[in-house]
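Structure in structure tokens, see below.
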Amino acid sequence: MPFKSLGDINLAASQSGVTKIETSDIRILLDEKSLNSLLFMKPFSKLCFIYSTVSEFLRSGNVIYIDLDTTFTSYVRNGVFNFSEVNDLLIYTPSANEFEELLSDICSRINSDVALVIIDSLNSFYHLYDGVKVGSLNHLLSSYVSLLLDHTSRLGSRLLITSMIRQRKTTEWILVPSNRRFIETKGGVILMVDLLDGALEINLLKHRKLKISSTKMLLTKEQIPIAS
């Protein structure tokens, strides 16, 4: 049975250690007013989460997908990802030096019919600007994401960005390239995902509405058919 609120999910997790959720509960986890960040070590884990998330949000509105990795686009074109919902999935695949132009078009398309905007991934964003210093790119990225967040938060949409973890030592995680500070300061919600025996473990590391250290959830393989 789907949860009714974020508090219900947190309470269930605190009582059981790990709580099972349904695809519809992802809508509760993602915040409308702040940046949602998805961390992953295994690309397929990210794809499983993204597939479930896009499927869920297409039920109620359109989804804009900025695919810097192009893997998601390939899966859609080859029929691995099949979305039967009636709403529109609009995919952008920016190449070098055209992100700014596409961003203007994307912002013009964000309206009350758009339920979700995804940037996948931050790592690939840096590859669009070879030769530019990371510090300059961090500033540029912050400006772009802030612009998108301004549009999504005003119109009740959600903004989700993804980023790969290079390694993890105890409770520490390191991003490629170094954008941890950006995510920690800008992110109102931080999720980490990992695929375990066909099920997707979702670790809620931060949520602006909850005072938590971490909350672990499990999306079963029945909820993510591509993981089976």
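Taken together, the values in this text are just the output of simple stated rules run on the coordinates, not laboratory data. Computed from a prediction, not measured in an experiment: that's the story for all the values here. All Cβ positions, even for glycine, are placed from backbone atoms using ideal geometry, and neighbour counts span all protein chains on display.
Using Cβ counts within 10 Å as a stand-in for footprinting exposure, how do 192, 1, 41 rank, fewest first?
Going from sparsest to densest Cβ surroundings: 1, 41, 192.
In the structure displayed, which of 4/42; 133/211; 186/211; 4/209; 4/221 lie more than 27 Å apart, Cα to Cα?
Going by Cα-Cα distance, 4/42; 133/211 fall outside the 27 Å limit.
Treat each spin label as a single point 7 Å out from the Cα along the C-beta direction, and report the residue 222 to residue 197 distance in nm.
Simple spin-label model gives 1.6 nm for this pair.
If you don't mind, there's one more thing I want to ask. Using bins 5 angstrom wide from zero, how does P(r) for the chain break down, in % of all Cα pairs?
1, 6, 15, 19, 22, 18, 11, 5, 1, 0, 0
Still on this model: Between beta-carbons, use under 9 Å as the cut-off and find the net charge around residue 31, counting Lys and Arg +1, Asp and Glu -1.
+3
With N residues in segment 58-132, what two-decimal value do you get for its Cα radius of gyration over 2.2 N^0.38 Å?
For segment 58-132, the normalised Cα radius of gyration comes out at 1.16.
Roughly how many debye, to the nearest 20, is the charge dipole of segment 30-191 about its Cα centre, given +1 on each Lys and Arg Cβ, -1 on each Asp and Glu Cβ, and no other charges?
680
I've got another one for you. Looking at segment 30-191 only, what percent of DSSP beta bridges run antiparallel? Nearest 5 please.
15
Can you give the calculated 222 nm mean residue ellipticity of the chain, where each DSSP H run of n ≥ 4 adds -39,500 (n - 2.57) and the sum is split over every residue, rounded to the nearest 500 deg cm²/dmol?
-11000 deg cm²/dmol
Could you please rank 8, 31, 197, placing first whichever residue has the fewest other Cβ atoms within 10 Å of its Cβ?
Listing 8, 31, 197 from fewest to most nearby Cβ atoms yields 197, 8, 31.
For 89, 204, 160, which order do you get if you count the other beta carbons within 10 Å of each Cβ and list the fewest first?
89, 204, 160
Let me ask you something else. Please compute the net charge surrounding residue 120, taking Lys and Arg as +1 and Asp and Glu as -1 over other residues with Cβ under 9 Å from its Cβ.
With Lys, Arg at +1 and Asp, Glu at -1, the neighbours total -1.
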